[in-house]
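This report concerns only the one structure given below.
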Amino acid sequence: MNCQNIKELLLLYSINELEENEINNVNNHILQCVECKRELEQLLLISKTIKNNKPEEIDEYELQKARLSLLDTLDDLENKKSFLSIIKSYLSVSFYKKLNPALSYIFTLCIGVLLGLTGYEVINIKSTDKDIETLNMNNEKIKPLIENVTFLSSNPETGDVELGYTVSKQVYYKGNFSDDETKKLIAMAVTNSNNSGLKITGINVINKQKDKAYIKDEKIKNALILAAKSDRNVGVRRQALITLGRFTPDDNIIETYLEILTKDNNAAIRIEAINKLTEIKSEGYQIDDKTKSIISERAEKDDNKLVKIRAAKFINEEI
Amino acid sequence: MIESEIELIKLAQQGNRRAFEQLIFKYDKHVLNIAYSFRNNSDDAKDIYQEVFLRVFKGLKNFRFDSEFSTWLYRITTNICITYKNRSKKEMFDSLDSEINNGDEKYSDYMPSDSKTDELLIKNETNKIIENALKLLPSQQKMAFTMKYYNEYKIKEIAEIMNCNEGTIKRYLFNATHKLQKMLAPIMGR
């Protein structure tokens, strides 16, 4: 083989892409050709240099973060889908298709009027002591069944919050974070919304309040604890856990961190629980033996390497 | 493709979310590594990861089993990597990195205690040269390069994933390697 043919094979030789007979041809050639031999040595060195400098594989923690974010997005997509499929199934109801256009128009108009009659009420709460009042069609007061809380706006500066929620009819609510009713609604949003995005919005509304008086509010705290421990969505659990860190630590909160550390199936969340324990330790809170024992166990037995490292670091700092 | 994977794909195509997650979590780390090798940036890699799996989620019903699932998946990955453009993002939440990592460390930053300063300097300099050289490459060439040298695919596999012939991949590698050879020459003492 001549040099021209061999030169085309040298790069492939350096990256292990040649068949055995081609390797032999190259080896035989370079025994006699100094130039090709030098060229091959350079290419082998380049190949070795590149491989020695290849970026490290992305770490497990980044993978977990990417997965969390993806699962959140898929949840949101599925929630949108189910709403659209309800609309679609309504429109494809067979009797509706058979109606002639005029009747179809009248039918749709009737539906619209019915929805309008169930109506909306705008309520302004002026006093924090006043219960939310809703009136039925006979002007009688009824106790509201609250669900599907939606956030419209919030102002961290003033504490004003605007929400929508479903009773037997849609109700618009405007109040202040210092109101008990506002806190009740937000707590419900965090635990009862069907949409994880709405739960996270609720948690962020709590997170961004400048007035920290809510940190004494049991409803808000319990809602966050419940969300952090048991929400199906990892994004919700993560945000609830982070926001719990703004509360004065007490036995309930520490128990929550420990329970998350031992039971949550997501490694990033378990690491966050250790971080929260680290923060309260740095604020002067005494870490008891039970807590140390649980964290030690994680340092030995957790099936995630990063959790183990983090737990071990916590214990080492304690010694 | 093994039987159980075929079943998993069929279930996922029918909308079974658990099956979908099980399927993608077999390959997602590799997808992330392909993206990371290409972009050398973890935020970009995670962006690409999201886009890849959203596309898979929406397009899985069109998968006809005429190739390995992994080939189809990595083809989507390489296409998105190649067409990916930097974009600034509004973060919905505060970044967790500073909290999780206590603000000043990453777990990958634990250096072996016997690293020599000179070797580190040379390694850093070489890294920079390689990184700069890769930035100058056209995306297709860069993808072939990273798939070969960083992800260790064979040329035949790269050609299948990138949906072109082996000759084209060889040409990409030839051009990329020679550019790199010129740029590395000063520190390799040629």
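No lab work stands behind these numbers, since they all come straight from the coordinates. Here the structure is a predicted model, which means the values were calculated and not measured. Quick reminder, even Gly has a Cβ in these numbers, built from the backbone with ideal geometry, and neighbours come from all protein chains shown.
In plain terms, if you count all Cα to Cα distances in the range A:205-319 and split them into 5 Å steps from zero, the share in each step is 2, 12, 25, 22, 21, 11, 6, 1, 0 percent.
Quick one, can you get me the convex hull of the C-alpha atoms of the range B:1-61 expressed as volume per residue in Å³?
So the per-residue hull volume is 79 Å³.
Between B:R75 and A:N24, the FRET efficiency estimated from the beta carbon spacing at R0 = 51 angstrom works out to 0.90. When the C-alpha to C-alpha distance is required to be over 21 Å, the pairs from A:K51/B:K123; A:K51/B:K170; A:K308/B:K26; B:K46/B:K142 that qualify are A:K308/B:K26. Fully extending the segment from A:N52 to A:A312, taken as 0.36 nm per residue of separation minus the present Cα-Cα distance, adds 90.5 nm.
What percentage of all Cα-Cα pairs in the range A:1-61 are separated by more than 16 Å?
Tail fraction, whole percent: 48.
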